[in-house]
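FYI, it's all coordinate maths here, none of it is from the lab. In this text the structure is predicted, and so the values were computed from the model without any measurement. Cβ placement follows ideal geometry from the backbone for every residue including glycine, while neighbour counts extend to all protein chains displayed.
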Amino acid sequence: MANPTSRHSKSRRNKRRANWKVDAPSLSTCTNCQEPKMPHRVCPSCGTYKGRKVLEIAE
Ligand SMILES: [Zn+2]
């Protein structure tokens with residue numbers, strides 16, 4: 001099994017993790033109600049996906 005020869009220092013680990021950043025989630029607009037929604041997901045406000053109703057949204 002491939003194993004690292006020597007352990008990386010905390011400094012090296014922290015330098016690597018210094019470039020981890022969270023970015024704002026990308027949003028697309030619903031083609032049915034024009035509300036912002038997550039791409040590739042059912043619209044939470046009208047319950048449609050690809051122009052088809054998949055969820056009943058309770059008022
Ligand atoms: Zn919608």
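Counting lysine pairs in the chain that sit 8 or more residues apart in sequence, or on different chains, and whose Cα atoms lie under 27 Å apart gives 4. Starting from the 7 Å offset along Cα-to-Cβ, what nm value, one decimal, do you get for the label separation of Met38 and Met1? Label at Met38, label at Met1, 3.4 nm between them.
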